[in-house]
Structures are given as structure tokens and as C-alpha cells.
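Engineer: Here's a structure for you.
Values quoted throughout were computed directly from the atomic coordinates according to the rules given, and no laboratory measurement underlies them. Predicted, not measured: the structure shown is a model, and the values here were computed from it. Positions of Cβ are generated from backbone atoms using ideal geometry, with glycine treated the same way; all protein chains shown enter the neighbour counts.
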Amino acid sequence: METRLVEATIRAPRIATFVKAKDLHWQDTVLRIIETYTKIWGGAYDIIVPYEIRDDVLSIDQVFKAILKKYDPDFLWVYPKHQLDTERLTTLIDRYINPFENGVYVGPSPSIPHITLPLNYLKEKCSFTKTLFKDKYLKLIAYSMLGKDKFSYEKEFKEHRIEIKDITQDLAKELFFNFFRSSPFQSSPFGVSLTHLKLHPLKGPFFIIVGNSLSDFLLYYDLLRLNFGCVFIPTDLLDKFIDFNKQNKQGQSNLEKDNIINTIWDYIFYIFAYYSDEKIKLVSLSEPESIIPEIWEKIKRVYSGKYNGEQTIGGDPRELKFSFIPVEKLISEISKSDPVQIYYSSDQIIGFFDGDKLILDLKRKLKYPLERLNFMVDLKPKQIKYPPKKLLNQIQIVSPSYINYRISHSGITIYSEFEKKVEPINMKILNASDIFSLLLKEGNFSCELSDKGKYFKETLNKFEGITEIEKLKNLAEFVRSEKYVLIGMYLLKLHNNVTRLVSGKEKKVKTLDIIKWHKKMEEIIKNLQKNGKYNEREKKLKYGLIITSNKRAYFTLEDLQKILNGDIRDLVQTCIEREILRYGFLLKCKYCDNKDFYSLSEISDSFYCKRCGNKQKIIPETLSKGDEPKVVYDLNEIIFQCFLNNGDVPILTLDYFRKRAKETFMFSPEFKIYKNNQEYLELDIASICDGKIIIGECKKTNENWDEFLRKKDRFSEILEIIQPDIVVFSTLDKQRPDEANNNLAKFINEIQEKHNDIEFINLNREDLLGGT
């Protein structure tokens, strides 16, 4: 029975709460939600998403759709309670994320949403950091990082009469510097609140979100949970600061004003003190780009209003530069960012494969023994990472039946609603072909391997490797190497045109188009042409023979050694063992004059003619040259067809992504797509790299892209169904496809305008050959 390492991790649930975008009292609503998050293990990482109902249809802004897709929540909450049909919410969200079944919870308004997760006992047992502001924006900024517990805070304030200045003294430093630069949390999940959980170190880019709206604040709040470096500066607070500063200069000061001034100044000071050597990026969902320069000047006035000689500032604040980032670019940044990963413990356990089933025992050697499934448990089998699509839940946890599961960015996520003890888990595993079949089935399409896909699959199996990924690596390395000449010579047809499949139909193509991209083959072809090695009249090479019936080339070992210029017996022997090559004799029928190749397995001292079927002895009359029998080598027909039909381009394209995979890579050979049982389209590239879906088209030369563009509408329709993360166009020409064909570049732009979260990659010969 095959074994496979599986990474099992325990984490807090990821929760998204939906709020009305036009809530007039949104500051209070958000504070209530943050208060709830504070009481839940992992609440520091949960997000809040605004929505609207337009014409009885639920609507979410594109930037928050991108956040939802990247955050990939386990559960959805709606706050406060309203008449929204939760089924509509689930239908909309399913397009972007894959929550647990029945994962939408509606909280009873106006109280805090009812927590229905299996984590009720993991509530806060530690004290909270107390913050006291009358200004709602300052409350939001503070509570977004430090948590909130209004009951204990009000009680302590009344009993001890805490002064505002005591609370605000080090708040800015805690809010920005200490919080942002902290190391990953290491503490136990039990009794850990928003106050004590720490984000992983921030990764660029760094943003300042400005504005006064709910969307502005939630953009900042959510990006922080995605580990973006960002701060929120309400424009109202800037105006208040400037107004208070004027009053102070006029001697109109009080304690509250002083502390608000000090807090907001220190807050901005720490931002610029750390990032003053970088170009600041400003983002706003509510303010037009035209007034951003005015807001920037206000920020600089606040920043330059006071100077602390003990702090190091990397330059004059008046010289700081900024750039305004449009929402479209921000969405692209979100889509390219790393998914959120927040783990409590992680261990590797051994799974056992039985057919397409994987059996796991989670109680084996975990650092923190997992006796009951009261946590989110992410299972990541090595070499397998699925895209987070709900339909892929058809993986099926075969047993035990009480486990809930979904496909997430973190792997196969499971938990139980009941206090059930952990039992061995039996799950079905899907390969890449299964996944694309399910994706297409959702749009009422079907698929099967094309002829070229079958050639590719069988060719792959001729190369060494335990897994398909290892075989792909070895096959691609073979194609890039000089050893490929061993195959390339068999593709050298001596007539001007050969017939190969183009979109399922036979088409005449130039011989040299098939192999002229390979450096060594190009040298051989030039030498053959220069030295007159072609014999056009006899349709014959100096090294190798052409047989009339099947137009194939055959070579003796001596021929191959002359062509490859060296001792290649070991290579030929390896190819014989893997059935890439086979050897036999060229024989001619004495009855019908048919000349053909016969392998040793087909003959003894006699043979049956492949045309007329007559049996005859092997005698000088039946030898192709009327000579003594001479062993020649034949290329496996499947491999011949694979490369004749441009199998080298998808092989090298898939290997391009294999080499760039950080965790896992899965792929399917080319397949035909059917609509209403009619052939609709062929897909050259169908793969999954680190959980990202990749589809694409391959052409040997850039002359062939117009042929693809004739079916661009069909390709667009399939793109809508599959919803890939990456679309690739590749060629073995020197120019990249989008540079060589303006119509293709225009088509790519059209798709990008409609699907700005899709990444387009164009590959040329240099990309595919790795610079060789």
C-alpha cells in the first residue's frame, strides 16, 4: 500500500461578517462586531465585508470580492438581522469562496450575533487593553488592533477613574510600531483574545487608506488581516487635528483635545518614521482622485506639526512623495498576495493510499494530541493542493459521516459540530482530470482526452519517474537536451509537407516547422542541406531510409552515430528498454512489392506481409536492399504522433509551471470539450499550480494564432465556466504571442477588462527552453 506524507494543522476558523454598506450608524455596528471577534479564538484575523441590495440583487464591490476570495472564510455571518435571503448570499459568495455547507449565520439584531461555532468555550479569559476615546474614528483604529470589552472597561473606569492621559500615553506606539513588527504568535489558543494574537510580519506594499466611509475603514481593516502593511487616516480626523492645533495656539486647550492631538500625531509619526524612505501609496474608496493631493498636504501638515529629536526620520517630511493607487491596481495586488495562514500547531503524519482513497489517523504523533474535532483542521497531502472550489467537495469524506469538510486555500479543511472523538478519516482523492471534468460539468459541458492528449499521456509513461510530475520533468529535460535529436531525426520528412492534426482535422504543414526550434536539430538540418544530403528525386536521406507505404524514416546504429556524432549505444539501449525505440528489419513482399518495417517480435524465419497478408520466407529477394539482413531502428508510433502533432510545446509549457510551483503541481493532458454531445473546443493546457487553475493554448509558431482566434468566443465561454487564475499562451517562436499577433493582444485586453483578477502569461522559445 502506497504511503503519502500529509501535513495536518490546527487553526482558528476564518469568519467573514457582512454589514449593510449604507448603515448610518456603521461605526457602532463595526465596534459591536469587533467586540464579538475579541471573544473568539482567532478573532484578530476575521474580516468584515459591506454589501448592498440593488434592484433586489445582492451586490459587493469588486475590491471586497477580491478580499473574500483571498481570505477564503470558513463561515459567513450577517449583521444585523434583516430579511436578506441567505441563499442569495451563499450563491453569490460561492463564486468567490467555498464556505462550509450552511455556513451563513444571521445574528439577532440589535444584540451581538449568536455564535454557532464549536468554539464557545474558547472565550477570553485574559484582561483587555482598555482604550477610552469619545472620537469614534480613534475608537475604531484602536479597537481594530487591540480588541474591545466594553463591560470590563466601563466597570474598571467607574471604579478606578482612569485618566485619559494614562490610556493614550503609549497607544500610538502600541498601535503601529509594536503591533506591526511583532513576530508570529506562539501562545496556546485557549483563552487567547484579539489582544494577544499577533499577525505574521507584514509584507509590502504599504498603503495609507484615507476617507470617512465604512468602505474605507473596512478596506484598511481587511487588508490588515491579509497581512498588508496599511493604516487608516480619516479625513475628518485630519481636519479635527488641524482645528484643535489652531485652538491650542490660541490658548484654547483641554485634556481631551490634547490627547487626541498627541495620539493622531504619534500615529502618523510612527508610520512615516518607519516608511519615510519609501514612496507612500494612498488609496480611497470614497474620495475622488482629484482631491487626494489636498488630503496629502493635510497629512504632511499633521506630520510636520511637531518634531521629536529622539526619533530618527529618514528625510524632510515636506519632501515625502506619494502616489494614488486606483482600485483596479489594488485588486491586482490583493489577487497576487499570499493567502492568510494562521496556524496553532502543525505536524506531518503518514497517510495510506488504497486505490483513490487516502486513509489518515490524526491521533498519530501530533504535538498537541487531537482527541476531538473542535478546531479547524487543514489536511495537505504532499503533491496535492486543490483550488478552493465548492464543487470539489465531491472529494467526499467517506468516513466518518459526522465530519464537515470543504476545500480551502489551506488544504482540505475539516471540523465537527459535535463533541466527537477523532477516528481514522477515509477520503477520496481527485486528480487534475477529475477536477477539470467537475468544473466543466458545472457549466453543462463534458470532456475527454483528445488524440493528442492520448499521445502525450502514453509518451509520458515511457519516461522514468514514480509520479507523473517526475515523468514530466524527465520528459521536458529530454526535449531540451541534445538527446531529442534521436526523435527529431525521425520527424524529418523528405517531402515538403507532412500531414498532422490541427484542431482535430488533418492539415499539411512544412516539415521544418516541426523541429527547427531545437538548436541541435537546426544545425543538423543546415548541414544536410549544405552538404547535399537530401535526395529529392529518390525521397531519401543519406543516413536513413524512407519506406513508400508509411513514409517513415528508419536508421541503423551506424547512421544514428554519424548523425549524433558520437557513441550513443547507451542512449539507444535505454530507449529500447523503455520502448521508445524498437529494432527489426526492412522487408519487401515478393507478391505485392510492399516495403515495410517488421520488428523482431513480428518475424521468425518468415513474415506476413502487412499489405496482402501473404506469408513468405526471409530471403535476399524479400530484403529491402536485396542485401543481407541489417538491423534498423524504428520510433514508437505513439511518440512519433505526439511530437509530429506539436506535443513538445505543451510539454515545455507544463514544465515551465512545474518548475515554478512552490508546493504542488497537477496537470491533465490535452482534452476535447463537448457541448450538447458535439465537439466544442480543445484545451492544450489544463493544470493546477499551488492551488491556482491554469488553462491555455499552445502553438508551434506565431503564424497559427489567427486559427485559435476564430474560436475565441468559445474559449471565452469556457473561461467563464472554469474561472482560471492564470491563462497562458505559449509558442516556440522567438517572439511572445501577444507581441507577435495584435489580434491576440487585443483579445487578451478584452478579457482582462472583464476579469481583472486573471493573470495572463505569454511564453516564447526562450521562456520554454529556460534560456538555452
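Engineer: Take L709 and K734, extend 7 Å from each Cα along the Cα→Cβ direction, and tell me the distance between the two endpoints in nm.
Structural biologist: Each label point is offset 7 Å from its Cα along the Cβ direction, giving 2.2 nm.
Engineer: What is the gain in length, in nm to one decimal, between R301 and K420 on full extension, counting 0.36 nm per residue of separation less the C-alpha to C-alpha distance?
Structural biologist: 36.9 nm
Engineer: What are the ³J(HN,Hα) couplings of the stretch 42-49, residue after residue, when phi is run through the Karplus curve with 6.51, -1.76, 1.60 and θ = phi - 60°? Round to Hz, x for glycine and proline.
Structural biologist: Using θ = phi - 60°, the values come out as x, x, 4, 9, 7, 10, 10, 10 Hz.
Engineer: May I pose another question? Skipping prolines and chain starts, which residues have an amide H placed within reach, meaning under 5 Å, of the one on N614, given they are 5 or more residues away or on another chain?
Structural biologist: C609
Engineer: Report the net charge of residues surrounding P669, where surrounding means a beta-carbon distance below 15 angstrom and charges are Lys +1, Arg +1, Asp -1, Glu -1.
Structural biologist: Value of the local net charge: -4.
Engineer: What list of ³J(HN,Hα) values in whole Hz, one per residue of the stretch 10-15 in order, does the Karplus curve 6.51 cos²θ - 1.76 cosθ + 1.60 (θ = phi - 60°) give from phi, with Gly and Pro shown as x?
Structural biologist: For the stretch 10-15, the Karplus curve yields 10, 8, 6, x, 9, 10 Hz.
Engineer: Let me ask you something else. Efficiency by 1/(1 + (r/R0)^6): what FRET value for N756 and N431, r their Cβ-Cβ distance, R0 = 41 Å, to the nearest 0.05?
Structural biologist: 0.85
Engineer: Same structure, new question: What residues qualify as long-range amide H neighbours of R552, i.e. H under 5 Å apart, gap of 5 or more or another chain, H built at 1.01 Å from N?
Structural biologist: Close amide H contacts, sequence-distant or interchain: I547.
Engineer: If I model a spin label as a point 7 Å beyond the Cα along the Cα-Cβ vector, how far apart are those points for K363 and S601 in nm?
Structural biologist: Going from the K363 label point to the S601 one covers 5.1 nm.
Engineer: Right, another one. Can you say what percent of the DSSP beta bridges in the stretch 619-772, counting only those with both residues inside, are antiparallel? Round to 5.
Structural biologist: In the stretch 619-772, DSSP labels about 55 percent of beta bridges as antiparallel.
Engineer: Can you give me the distance in nm between label points at N743 and E579, each placed 7 Å from the Cα along the Cα-to-Cβ direction?
Structural biologist: Between N743 and E579, the label points sit 4.2 nm apart.
Engineer: Hey, can you grab everything whose amide H is under 5 Å from the amide H of C230? Only 5+ residues off in sequence or another chain; H modelled, so Pro and N-termini drop out.
Structural biologist: F207
Engineer: Once R0 is set to 22 Å, what does the formula 1/(1 + (r/R0)^6) return for the Cβ-Cβ distance between K526 and E558, expressed as a FRET efficiency to the nearest 0.05?
Structural biologist: Calculated value: 0.50.
Engineer: Sticking with this one: In the structure displayed, which of K471/K562; K562/K734; K20/K136 lie more than 25 Å apart, Cα to Cα?
Structural biologist: Violating the 25 Å Cα-Cα cut-off are K471/K562; K562/K734.
Engineer: Ok, one more. Report the local net charge at T731: Lys and Arg +1, Asp and Glu -1, summed over other residues whose C-beta lies under 10 Å from its C-beta.
Structural biologist: Once positives and negatives cancel, what remains is +1.
Engineer: The stretch 376-412: which trypsin sites (Lys or Arg not before Pro) are DSSP loop and have at most 16 other beta-carbon atoms within 10 angstrom?
Structural biologist: Counting only loop positions with at most 16 other Cβ atoms within 10 Å, the trypsin sites (Lys or Arg not before Pro) in the stretch 376-412 are K382.
Engineer: What FRET efficiency do you get for E52 and F322 if R0 is 30 Å and r is their Cβ-Cβ distance, rounded to the nearest 0.05?
Structural biologist: That gives a FRET efficiency of 0.50.
Engineer: Let me ask something additional. Quick one: how many lysine pairs in the stretch 620-725 have C-alpha atoms under 19 angstrom apart, if they're 8 or more apart or on different chains?
Structural biologist: Taking the Cα cut-off of 19 Å, the pair count is 11.
Engineer: Next up: Identify the residues of the stretch 645-675 with backbone N under 12 Å of a label point that sits 7 angstrom from the Cα of Q341 along the Cα-to-Cβ direction, or state none.
Structural biologist: It comes to 662-664, nothing else.
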